[in-house]
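Some notes on the structure that comes next.
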Amino acid sequence: MTSFDDVLAAIAAPLPEAAGAWTTAQHLDHCAASIAASIDGYPALKPLVIRVTIGAIVKRRFLRAGAMRHDTCAPLPGGAPPPLRDRGDALASLTAAIERLRGHAGPLAPHPVYGRCSAADYERLHAIHVADHLRAIRGA
């Protein structure tokens, strides 16, 4: 998955209940929170030197590969784990976050690790991020 259209198509299909530490709804809520934080700001940022060096390298690698592997049960940096709630509400939150970012015309907040991102890079990075969480949900 490399676009929000891909994400919306993927989450329209039935999703199993995640077998790991987080529920399916928590994975979806985490992805929604990450997308919303692209506008509102993330709870915490890594030091600037990390964002402009290692973070920039990792961002380029993920964008080039079109995939990532990360700890899918780690909250946003400086944030709390997503709450337990209904899967339908989490799906609605993820869809709303995608539409909100798509319609956003103002400045974007820096990513906590990758630093400044364009809207196009954010869309692709978030799609890749959601894909990794869907992999975790499906136990792949």
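The numbers here are math on the coordinates, done by the rules we state, and not lab data. All values reported here derive from a predicted model rather than from experimental measurement. So basically every Cβ, Gly included, is an ideal-geometry build from the backbone, and we count neighbours across all protein chains shown.
Just to be sure, is K46 surrounded by 13 or more Cβ atoms within 10 Å (Cβ to Cβ), farther than 22 Å from L28 by Cβ and touching a Phe, Trp or Tyr at 6+ places or on another chain (Cβ under 7 Å)? Before you say what the answer is, go through the steps one by one.
On the way: surrounded by 13 or more Cβ atoms within 10 Å (Cβ to Cβ): yes; farther than 22 Å from L28 by Cβ: yes; touching a Phe, Trp or Tyr at 6+ places or on another chain (Cβ under 7 Å): no.
Here the answer is no, as K46 does not meet what is asked.
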Residue satisfying all of: in segment 91-140; assigned to a helix (DSSP H, G or I) and in contact with a Pro (Cβ under 9 Å, 6 or more places away or on another chain); nearest to A74 (Cα to Cα) among these: I137
Only listed residue being touching a Cys at 6+ places or on another chain (Cβ under 7 Å) and assigned to a loop (DSSP other than H, G, I, E, B), chosen from A74, A21: A21
Where a residue in segment 16-35 is within 24 Å of S3 (Cα to Cα) and in contact (Cβ under 8 Å) with a residue 12 or more places away in the chain and its partner, wherever it lies, is among the charged types (D, E, K, R) and assigned to a helix (DSSP H, G or I), with Cβ under 6 Å and at least six apart: T24/R87; A25/R87
Qualifying residue in segment 88-109 (condition: among the small types (G, A, S), surrounded by fewer than 14 Cβ atoms within 10 Å (Cβ to Cβ) and touching a helix residue (DSSP H, G or I) at 6+ places or on another chain (Cβ under 8 Å)): yes
Tally of residues being closer than 11 Å to A32 by Cα and in contact (Cβ under 8 Å) with a residue 12 or more places away in the chain across segment 90-126: 11
